[in-house]
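No lab work stands behind these numbers, since they all come straight from the coordinates. Computed from a prediction, not measured in an experiment: that's the story for all the values here. As a convention, Cβ positions derive from the backbone with ideal geometry for all residues, glycine included, and neighbour counts pool all protein chains shown.
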Amino acid sequence: MKALLVYFRGYVKDSILGPVFKLIEACFELLVPLVIAGIVDTTIPNKDQNHLFMMIFLLFGLAFVGVVVAVSAQYFSSRAAVGYAQGLTNNLYAKIMRLSKKKRDEIGTSSLVTRLTGDTFQIQTGINQFLRLFLRAPIIVTGAIIMAFRISPRLTLWFLGMVLVLTLIIVVASRIVNPLYAKIRVINESIVTSTRQQLEGMRVIRAFGQSERELDDFTTVNKDLKTWQLKTGVIASLISPLTFLVVNMTLIAILWQGNFQIQGGLLTQGMLIALVNYLLQILTELLKLAMMLTNLNQSFISAKRVETIFNLEDEDIKAPLTIKKADQEALVLAIDQISFTYPTASQPSLQGINLRLTEGESLGIIGGTGSGKSTLVNLIMNLYQPQLGSLTIFNNQASPKNLKEWRSWVAYVPQKAELFRGTIRSNLTLGLKHEPSDQELWHALDMAQAADFVRDKELGLDEPVESFGRNFSGGQRQRLTIARALMRPAPFLILDDSTSALDYLTESRLLAAIRENLTSTSLIIISQRTNSLKAVDQILVLDKGHQLGLGNHEELLATNKLYQDIHYSQHQKEAADES
């Protein structure tokens, strides 16, 4: 937890002023019962109107000062809490971005989002309440007991007993509730995961008529959350009635004993009223303290979850790699008997893959869903490392010095076209270290077969792009994403099934433009369509992670059964569509 304290830098003054103002407010509040006691015991019996008005004016003055001080305390406490949470969230996001893909996958996207939003907000709430109450509550309780002791030492024993019993109730309830709050956090992550998956796959769910099943799955998780929240809520809700029960029993005892002391001349009516006021002040502060401890417990759980992320080791993209020399001239990619299994998988996603690619050659990768195509691309980009075998890329006969250089050698177009809110220009220049000219942008758009529809837009390169590119069609999004990759010259260009929304004519023009303009770039294409791979030099056929074939289109069509099945099934479908 010490590592999280660093985010208070810059807010030390606010963190001090907030509690100090609350302390001043508490001192003024402790004076109010004494003023009321003076009115009851002195002013009213003497029928002194001038003194009564003075006391009323004093009460209003104390109230006004109390409000000003309370608002000031709230301002400084909130400023410190929000500033702390802002710094924490920024650094947590930066930390997540520095983690390796393997670690992010192990934790899960939903868990990371929950920690970045819900947990940081819970920490902010806990800090805000702590700064406002950690001095006020003890001062009010201690001050009320001291004032009560000055009035009647004997009756103060009831106060002490009440405080001890209430403290015991709060501590026991907190120990029971803490693990339950941790459980609720985990279930919340499950709901976020379920909701995220269902929203992302809404089209598929509806297409296959699985809406009711998904609704049942969500309902099951939601009921589980409801059960644990009710269990936690019942235990947490007992604190308030138990507190009132103990305080009211103490109040009855004080009134009963106070009556005897008044009759014996040991206590005045005003003093008894002051004692009751101090008792109610203690009640209010202990209820606030119980609420604060509940929130602090949740904040502590959230802080541990956030600290877990900070304790993870960063991916060192500048750590030196063993530099290898290509064992044959113009070699750019060497894959030797690699095998890879995801952390949570029971079976390898890739096994026994062998491949050689030389400069100027193009590679196609084809296979059914789940055959390991995207996994192989992740290995080529070094987002993962194979558990067995070796995979190396080369440029000018030498392998990269570190991960940063390795990934800079690869321009990647993802399977799902990703555009960001802004303009076409801002999307094309994303990640570039220099400001390209309009001529360079149009050249990339021309190669990606996107120049025509961009010119048709009213603002051209400055045409707005909505989040996720919602104002463009699927084919337009893919072409813009390809154009963005082409703006970043690299020895390797990977198209991960990123032409699926294009017709054959547009796709062929795109690939021809890339081959014509990027003669020194090694092109790797993942595609489900054999027509898209006819012109590549080598085609790797994968099935359930195994390499079933390697050769050009004609060779595979003559010798590889899986490739034949894929090719002829597509051509039969096309013939049926044409008829």
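At a Förster radius of 35 Å, what calculated FRET efficiency corresponds to the Cβ-Cβ distance of L23 and K231, to the nearest 0.05? It comes out at approximately 0.40. Distance between the pseudo-spin-label points of I16 and I176 (7 Å out from Cα toward the beta carbon): 4.2 nm. Under 5 Å between amide hydrogens, built in the peptide plane, is the criterion, and for N382 it picks out nothing among residues at least 5 positions away or on other chains.
Residue separation of Q415 and E313 scaled by 0.36 nm, minus their Cα-Cα distance, works out to 33.8 nm of gained length. Backbone phi angles across segment 49-55, fed through the Karplus curve with coefficients 6.51, -1.76 and 1.60 (θ = phi - 60°), yield HN-Hα couplings of 5, 4, 5, 4, 5, 5, 5 Hz in residue order; Gly and Pro are listed as x. In segment 416-489, inverting the average of 1/r over every pair of distinct C-alpha atoms gives 11.9 Å as the Kirkwood radius.
Amide H contacts for I353 (H built 1.01 Å from N in the peptide plane; partners 5 or more residues away or on another chain; cut-off under 5 Å): Q337, I338.
With 20 Å as the limit, the listed pairs K103/K318; K183/K231; K102/K325; K102/K404; K373/K534 have K102/K325 beyond it between alpha carbons.
In this simple spin-label approximation, Q397 and E200 carry label points 7 Å from Cα along the Cα→Cβ vector, and these lie 4.4 nm apart. Remark on D543: its backbone amide H falls under 5 Å from those of L548, a criterion applied only to residues 5 or more positions apart or on other chains, H modelled at 1.01 Å from N. Taking other C-beta atoms within 10 Å as the exposure proxy, R104, R175, R132 rank R175, R104, R132 from fewest upward. Where (1) 25.4; (2) 30.0; (3) 26.7 are the candidate values, the label of the one calculated here for Kirkwood radius over Cα pairs in Å is (2).
Cβ crowding within 10 Å, taken as a proxy for footprinting-reagent exposure, orders F420, F76, F300 from fewest neighbours to most as F420, F300, F76. Cβ crowding within 10 Å, taken as a proxy for footprinting-reagent exposure, orders M54, M381 from fewest neighbours to most as M54, M381.
Run the helix sum for the chain: -39,500 (n - 2.57) per DSSP H stretch of 4+ residues, divided by residue count, reported at 222 nm to the nearest 500 deg cm²/dmol.
Values: 20 runs with 355 residues, N = 579.
Calculated mean residue ellipticity at 222 nm is -20500 deg cm²/dmol.
Compared with the alpha-carbon gap, the fully stretched path from F8 to R455 is longer by 155.8 nm at 0.36 nm per residue. Beyond 23 Å in Cα-Cα separation lie the following of the pairs K101/K416; K95/K223; K401/K433; K324/K544: K95/K223; K324/K544. Computed from backbone phi with θ = phi - 60° and the Karplus coefficients 6.51, -1.76 and 1.60, the 3J(HN,Hα) list for segment 427-440 is 6, 5, 8, 4, x, 7, 7, 10, 8, x, 7, 4, 4, 5 Hz; x is used for glycine and proline. Computed from the C-beta positions of H546 and A513, the FRET efficiency with R₀ = 51 Å rounds to 0.90. To the nearest ten degrees, helix 239-263 and the longest principal axis of the Cα atoms of the chain are 10 degrees apart. Averaging 1/r over every pair of different alpha carbons in segment 2-310 and inverting the result gives a Kirkwood radius of 22.9 Å.
Phi-derived couplings, Karplus 6.51 cos²θ - 1.76 cosθ + 1.60 at θ = phi - 60°, listed residue by residue for segment 530-536: 5, 4, 6, 10, 4, 8, 7 Hz, with x used for Gly and Pro. The distance separating the Cα centre of segment 89-105 from that of segment 490-549 comes to 32 Å.
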